[in-house]
Each structure stands twice: as structure tokens, then as C-alpha cells.
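Participant: Okay, handing you the structure first.
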Amino acid sequence: MAADPSVSQNEYGWTPDQPLIRLVDVHKAFGSLQVLRGVSLDVRKGEVICIIGPSGSGKSTLIRCINALIPVDSGTIRVEGQEVNDPDLDKLALRRKVGMVFQQYNLFPHRTALQNVMMAPVHVLKQNRKEVEVRARALMAKVRLQGKEDVYPGQLSGGQQQRVAIARSLAMRPDVMLFDEVTAALDPETVKEVLVTIRELAEEGMTCILVTHEMGFAREVADHVYFTDKGLIVEHGPPADFFANPKDERTKAFLGQVL
Amino acid sequence: MDLVADWFRHLYDTTGINLTIVYDPYDRQRFLSGLGMTIYLSVVSIIISTIIGAIGAWAQGSPARAIRAFVNGFVVLFRNTPPLVQIFFFYFGLGQILPRVENDDGMMVQMISNVQWAIISLSLFAGAYNVEIFRSGIEAVPRTTTEAAEALGYTRLGVYRHVLLPLALRICLPALNNNLVNLLKTTTLAYAIAVPETLYVSKQIWNDSQNVPVMMTVLLIVYTALVGILVYIMNRWERFLSIPGYGQGAAR
């Protein structure tokens with residue numbers, strides 16, 4: 001492809017008009033268990049994609065491969081042009097681009113909410129503590145947790161903890177956010193407060209990849225929905241299409257059960 | 001002071017309880033210096049052995065097989081052999097092999113003194129246990145918590161320093177407490193290589209004054225008090241480290 005001089009390239013020759021994340025034929029097995037059997041997908045900048053599917057279909061493994069928490073067996077994963085499936089991968093460079101929020105929040109229990117948000121920018125990026133604190137306080141406000149700065153994670157509700165986890169991830173100023181079933185451990189009432197936070201992020205143009213069981217939410221915020229089963233992407237499309245006219249039998253069966 | 005000394009001399013005359021360490025300045029000085037040596041051995045060995053434990057437990061999780069094998073070998077060696085044998089090995093074994101050096105008085109002496117050997121061997125002995133104690137704490141930290149730190153870009157050392165170790169320490173403190181109490185009591189083995197600690201000086205005192213039962217009782221009381229102080233400090237530390245809403249801290 002001829003380089004367009006008006007678009008700036010990064011060090012990997014990637015330009016913002018190319019997919020921000022590109023997976024090509026990704027395979028992963030745990031022992032004899034094939035978890036990913038050739039997954040390909042593209043995510044463009046500012047897109048929100050939702051990955052749905054039955055338990056054990058490889059959804060969580062898929063997004064864990066994107067930030068190299070799980071090494072893949074074969075295939076290509078490029079994040080802004082950086083090849084993730086590379087033994088000499090610069091993990092820090094990758095992980096400051098890719099934020100991740102987990103099902104079990106996974107806050108650091110020995111640090112206050114504000115400290116949780118501040119830790120990585122100070123320790124990992126070696127940024128100035130004072131500046132990080134200003135940013136962290138703003139992020140706490142953004143996730144509507146003003147006044148909870150000095151509280152320990154164990155004293156917060158699940159929904160509050162999850163919002164701290166989102167703020168903690170945003171403090172690294174990522175280009176893309178991965179959400180791994182972030183509302184699965186919450187009670188129905190608090191699910192909403194977390195989803196509101198994610199929707200705001202999406203509306204601000206943050207690129208998001210969500211593994212979720214919240215079909216209503218997926219239909220509402222996603223630009224593209226992927227359905228996985230047994231390590232393969234069975235079907236994908238814009239949510240309106242996908243939910244109204246599923247084509248594959250497995251998709252129909254799954255949606256029939258959950259909707 | 002004289003009044004106190006007189007009273008203890010009177011106690012000896014009337015009951016036969018001979019506490020020379022109170023009324024006799026020479027014995028008192030000997031005993032206090034022995035006590036000082038015990039405290040010195042304990043504090044230094046506690047610090048070094050705890051550092052060995054923290055570093056060893058980290059090395060146990062190393063991706064390099066040789067490092068893991070080294071740590072495991074160290075733990076097996078020092079946990080499976082009696083501490084007295086270890087002290088003898090260092091002082092009489094290794095100490096003999098190492099070259100001798102001239103001291104200030106022009107005498108040829110061992111390069112490493114008996115006090116230093118005692119600290120080395122006690123630290124390694126307790127350190128081997130501490131490695132296992134820290135490992136138990138590390139294994140109790142959920143894998144997902146370290147995964148979150150990795151996802152934020154922390155290196156293996158960064159994860160250990162900022163997340164794993166602080167949490168593991170809180171979990172393993174009661175076990176660490178136990179081992180350090182044991183270490184304090186094990187300092188009496190330095191007696192065997194003539195380190196003038198509390199037991200050693202007490203033996204000198206009872207040899208001179210023929211007050212064996214009295215000094216034995218004094219020893220029991222002294223060690224009970226020393227361990228009591230250590231346990232008090234460790235408990236204070238445990239309370240200081242407790243996290244609101246997490247583990248034991250939640251109950252307080």
C-alpha cells in the first residue's frame with residue numbers, strides 16, 4: 001500500500017486508517033484442548049465490538065491474547081501494527097496501549113482506591129506523582145466515585161470496585177480497552193452503573209472490546225457483534241442485523257436461550 | 001544501687017538464692033553483655049533471614065530453571081540438617097579452610113569470627129524456612145490479582161515488589177512470627193562456638209558462683225521476656241499492616 005503522506009506512521013508502519021487491532025488466524029490450545037481454532041477479526045479506531053457466546057467458547061482467552069496475558073500458538077495479532085505473537089515482544093509498549101478490566105475487578109486490596117488508580121502510572125511509566133494524582137482524582141470523578149478516594153477496595157461495593165478498576169486502567173491512557181465479562185460478578189442493580197460508565201467511554205470515542213453476556217447492552221452500544229462457539233467466530237455483523245436475523249443455527253440456538 | 005545490692009546479698013545469706021548478676025558488678029557486667037550479644041545476634045539474623053526469605057521466594061518463581069533449582073537446593077540443605085551441625089560446619093569446617101588473617105594484636109585468626117559465623121549460619125537456617133513461609137503467602141494471592149498488575153505493564157519484579165510481596169507478607173505474618181521466635185531461641189546454639197551470648201555467660205557465672213539452679217531460672221525468665229517482646233512487636237506490625245475490609249483487617 002502506498003504511504004499517504006498526510007497520515008503519520010508509527011514505528012511499526014501503522015497508520016490510523018488501518019485497523020487498530022487485527023487478528024489473523026489465531027490458534028491457541030491448552031494441552032489437548034483447542035480453545036481458539038483460527039480466529040480473525042479487525043477492530044477499527046473508535047469502534048466498540050462485543051464478543052458473545054456460550055461459556056468455554058474461547059471469548060476470554062481471545063481478549064487475553066490481545067494484551068499478551070496468554071501467548072498464542074500461531075497466527076498474527078497486531079495492535080497498532082505491533083506484532084504481539086513475538087518472543088521479543090515489548091510487553092510494556094503493548095500494555096500501555098491496551099487497558100483491561102476483569103470480571104473479578106482485581107483491585108490491589110492493600111492500596112486505597114486513589115492509590116490503585118495512581119500506582120501503574122507512577123511505578124510503570126515513572127510519571128510525576130503530583131501530576132498523576134491530579135489525573136487520578138479527575139478519573140475518580142469521571143467514574144462518579146468522588147469522596148471514595150481514600151477508601152480501601154474491601155470497603156467498596158462490587159460496582160464501585162469495578163469502576164475503580166476502569167479508572168485504574170484509564171490512568172494509563174490506553175488506546176483500546178478490553179472488558180472481560182466485567183458485569184458478570186455484579187448484582188443487577190450495580191450492573192447498570194458500570195454499563196453507564198462504559199457507554200460514556202464508548203461515546204467519547206474509546207475503542208472497546210467487550211466480552212459480555214449483556215445482550216441488551218451489546219445491541220445498544222456495539223458497532224459490531226461477534227458470536228464465538230468452540231473456538232471459532234461463527235457469525236458477526238452489526239447488532240441490528242445480528243440480533244434480528246441470525247443466520248447460523250448455533251447463533252439462533254444461543255440467542256433463543258439467552259434472549 | 002547499693003541498697004538493692006545489699007538486699008540481694010541479704011537474700012543470698014538468708015535463703016541461698018544467689019543472684020550474683022545483681023549484686024556483683026563483674027557478674028552483672030558479664031551478664032548484660034551476654035544479653036546484648038543475644039539481642040544483637042537475634043536482630044541481625046532476623047533481618048537477614050527475612051531478606052533471604054523474600055528474595056528466595058521471588059527467585060523460586062524465576063523462569064530460569066537453574067535459579068529455581070538453586071533455591072530449592074538451598075531450602076532442602078538448610079531445612080534437612082540440624083542447626084548445630086550447620087554452625088559446626090561453618091565454624092570448624094569452612095572456617096578452617098579459609099585463609100587466616102592477622103588481627104590488631106598480631107595474632108593469626110580466622111578470617112570470619114565466631115560471632116559472624118553464628119550470624120551467617122543462623123540467618124541461612126531461618127532464611128530457608130522463611131523462603132517457604134513467603135512462598136505460602138505468595139501462593140495465597142489470587143492469580144488474577146497479579147494478572148491485573150501484568151496487564152498494567154508491571155514487570156515480574158514490579159509485580160512482586162508492589163503487589164505480590166505486600167499481600168503475601170500480610171498473609172504469612174503469623175507463620176513468619178513463629179519462625180522468628182524460633183530463631184531467637186536458636187541463637188543459644190552459638191554457645192557451641194564460644195559466642196558470649198546469654199547462655200554462654202550464664203554458664204561462666206554458674207561455674208564461678210555455683211548457683212546453677214538460680215541461673216537456670218534466670219535464663220528461662222530472660223528468654224520468656226525476650227520472646228514476649230518480639231511477639232509484641234510482631235503483633236503491632238501485623239495490626240499496622242492490616243487492611244480495612246480485607247482478611248483479618250475486616251474483623252477489626
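The values are calculated or read from the model by the stated rules, or taken from the named source; none is laboratory data. Computed from a predicted model, the values in this text were never measured in an experiment. Cβ: placed from backbone, ideal geometry, glycine included. Neighbour counts: every protein chain shown. Areas reflect the complete protein model, heavy atoms only, side chains present, ligands, DNA and RNA absent. Shrake-Rupley method; radii C 1.70, N 1.55, O 1.52, S 1.80 Å.
Participant: With each pseudo-label sitting 7 Å past Cα toward Cβ, what's the A:Arg173-A:Leu255 distance in nm, one decimal?
Facilitator: 4.1 nm
Participant: So who's got an amide H within less than 5 Å of the one on A:Asn106, skipping anything under 5 residues away but keeping other chains? H placed 1.01 Å off N, in plane.
Facilitator: For A:Asn106, whose amide H was placed from the backbone, there are no distant partners under 5 Å.
Participant: Quick check: pseudo-label points 7 Å beyond the Cα along Cα→Cβ at A:Ser55 and A:His213, how many nm apart are they?
Facilitator: It is 0.7 nm.
Participant: Now for a different question. Looking at the stretch B:142-160, which residues lose a minimum of 30 Å² of accessible area between their chain alone and all protein chains in place, measuring with a 1.4 Å probe and not counting ligands or nucleic acids?
Facilitator: B:Thr144, B:Thr145, B:Glu147, B:Ala148, B:Glu150, B:Ala151, B:Leu152, B:Gly153, B:Tyr154
Participant: How much accessible area per residue does chain A have, counting only protein heavy atoms and a probe of 1.4 Å, in square angstrom?
Facilitator: Accessible area per residue: 45 Å².
Participant: Also, quick follow-up: Given R₀ = 22 Å, what would the calculated FRET efficiency be for B:Tyr232 paired with B:Ser136, taking r from the Cβ atoms and rounding to 0.05?
Facilitator: 0.40
Participant: Now a separate question. Mean separation of Cα pairs under 8 Å and 6+ residues apart, divided by the residue count of the stretch A:40-95: what relative contact order is that in percent?
Facilitator: Relative contact order, the stretch A:40-95: 20 percent.
Participant: Compare the peptides A:94-105, B:104-115, B:233-244, B:151-162 by average per-residue count of other Cβ atoms within 10 angstrom and give them in order, highest first.
Facilitator: Averaged packing, sorted descending, gives the order A:94-105, B:151-162, B:233-244, B:104-115.
Participant: Using only alpha carbon pairs under 8 Å that are at least six residues apart, calculate the relative contact order of chain B and give it in whole percent.
Facilitator: Over chain B, the number comes to 24 percent.
Participant: While we're looking at this one, here's another question. Round to the nearest 0.05 the FRET efficiency obtained for A:Lys45 and B:Leu77 when R0 = 51 Å and r is the Cβ-Cβ distance.
Facilitator: My answer for the efficiency is 0.35.
Participant: Grab every C-alpha pair in the stretch A:1-148, bin the distances at 10 angstrom width from 0 up to the longest one, and report whole percents.
Facilitator: Using 10 Å bins, I get a P(r) of 9, 31, 32, 23, 5, 0 for the stretch A:1-148.
Participant: In the protein assembly as shown, with Lys and Arg counted as +1 and Asp and Glu as -1 at Cβ, which of these residues, B:Leu41, B:Trp58, B:Tyr154, has the Cα nearest the positive end of the dipole, that is, farthest along it?
Facilitator: Positive-end residue among those listed: B:Leu41.
Participant: Taking each residue in A:63-70, count the Cβ atoms of any other chain within 10 Å of its Cβ, then average. What number comes out?
Facilitator: Partner-chain Cβ atoms within 10 Å, mean over residues of A:63-70: 2.
Participant: If you don't mind, there's one more thing I want to ask. Okay, helix-only estimate at 222 nm for chain B: each DSSP H run of n ≥ 4 adds -39500 (n - 2.57), divide by all residues, round to 500 deg cm²/dmol; what do you get?
Facilitator: -23500 deg cm²/dmol
Participant: With a 1.4 Å probe, how much accessible area is buried between chains A and B, both sides summed, in Å² to the nearest hundred?
Facilitator: Summing both chains' loss of accessible area gives about 1800 Å².
Participant: Please name the residues of the stretch A:99-115 whose accessible area, counted over protein heavy atoms with a 1.4 angstrom probe, falls by no less than 20 Å² between the chain alone and the full protein assembly.
Facilitator: Buried by the other chains: A:Phe102, A:Asn106, A:Phe108, A:Pro109, A:His110.
Participant: Between B:Tyr40, B:Tyr200, B:Tyr26, which gets the highest mean-square fluctuation from a Gaussian network model of chain B, Cα cutoff 10 Å?
Facilitator: B:Tyr26
Participant: Out of the total accessible area of the stretch B:103-167 (probe 1.4 Å, heavy atoms of protein only), what percent is carbon and sulfur?
Facilitator: Carbon-and-sulfur percentage of accessible area, whole number: 60.
Participant: Amide H neighbours of A:Gly38 under 5 Å, counting only residues 5+ apart in sequence or on other chains, H built in-plane at 1.01 Å?
Facilitator: Counting only residues 5 or more places away or on other chains, the set is A:Val26, A:His27, A:Lys28.
Participant: Evaluate the distance, in nm, between pseudo-label points positioned 7 Å from the Cα of B:Ser33 and of B:Val4 along their respective Cα→Cβ axes.
Facilitator: 2.0 nm
Participant: Still on this structure, please answer the following. Can you give me the solvent accessible area of B:Trp58 with a 1.4 Å probe, rounded to the nearest 10 Å²?
Facilitator: Surface accessible to solvent at B:Trp58 totals approximately 80 Å².
Participant: Please give the per residue volume of the convex hull enclosing the alpha carbon atoms of the stretch A:109-224, rounded to a whole number of Å³.
Facilitator: With only Cα atoms used, the stretch A:109-224 gives 103 Å³ per residue.
Participant: Counting only protein heavy atoms and a 1.4 Å probe, tell me what percentage of chain A's accessible area is made up of carbon and sulfur.
Facilitator: 47 percent
Participant: Residues with amide H under 5 Å of A:Cys208's amide H, sequence separation 5 or more or different chain, H placed in the peptide plane at 1.01 Å from N; which?
Facilitator: Counting only residues 5 or more places away or on other chains, the set is A:Glu47, A:Val48, A:Ile49, A:Met177.
Participant: Tell me, what HN-Hα J-couplings in whole Hz come from the Karplus equation 6.51 cos²θ - 1.76 cosθ + 1.60 at θ = phi - 60° for each residue of the stretch B:45-61, using x for Gly and Pro?
Facilitator: 5, 4, 5, 5, 5, 5, 5, 4, x, 5, 6, x, 5, 5, 5, 4, x
Participant: Given an 8 Å cut-off on Cα distances and at least 6 residues of separation, report the relative contact order of the stretch A:10-53 as a percent.
Facilitator: 36 percent
Participant: Suppose accessible area is computed on protein heavy atoms with a 1.4 Å probe; arrange A:Lys91, A:Lys45 from highest to lowest.
Facilitator: A:Lys45, A:Lys91
Participant: Any idea of the accessible area per residue across the stretch B:2-227, 1.4 Å probe, to the nearest Å²?
Facilitator: For the stretch B:2-227, the per-residue accessible area is 50 Å².
Participant: What does the charge dipole of the protein assembly as shown about its Cα centre add up to, to the nearest 20 debye, if the Cβ of each Lys and Arg holds +1 and the Cβ of each Asp and Glu holds -1?
Facilitator: Computed about the Cα centre, the dipole is about 320 debye.
Participant: Taking chain A as a Gaussian network, where each spring joins two C-alpha atoms under 10 Å apart, which residue of A:Val26, A:Val79, A:Val122 fluctuates the most?
Facilitator: Fluctuation is largest for A:Val122.
Participant: Got a sec? What order do A:Thr15, B:Thr14 fall in by accessible area at 1.4 Å, biggest, i.e. largest, first?
Facilitator: Largest accessible area first, the list is B:Thr14, A:Thr15.
Participant: If I histogram all Cα-Cα distances within chain A using bins 5 Å wide from 0, what percent of pairs lands in each bin?
Facilitator: 1, 6, 13, 16, 18, 17, 14, 9, 5, 1, 0, 0
Participant: Computed FRET efficiency, Cβ-Cβ of A:Lys230 and B:Ala66, R0 41 Å: what is it to the nearest 0.05?
Facilitator: 0.50
Participant: Quick one: compute a quarter of the convex hull surface over the Cα atoms of the stretch B:2-227 and quote it in nm².
Facilitator: 16.9 nm²
Participant: With a 1.4 Å probe and all protein chains kept in place, how much accessible area does B:Met216 have, in Å² rounded to the nearest 10?
Facilitator: Here the accessible area works out near 80 Å².
Participant: Whole number please: convex hull volume per residue of the Cα set in the protein assembly as shown, in Å³?
Facilitator: In the protein assembly as shown, the Cα convex hull volume per residue is 238 Å³.
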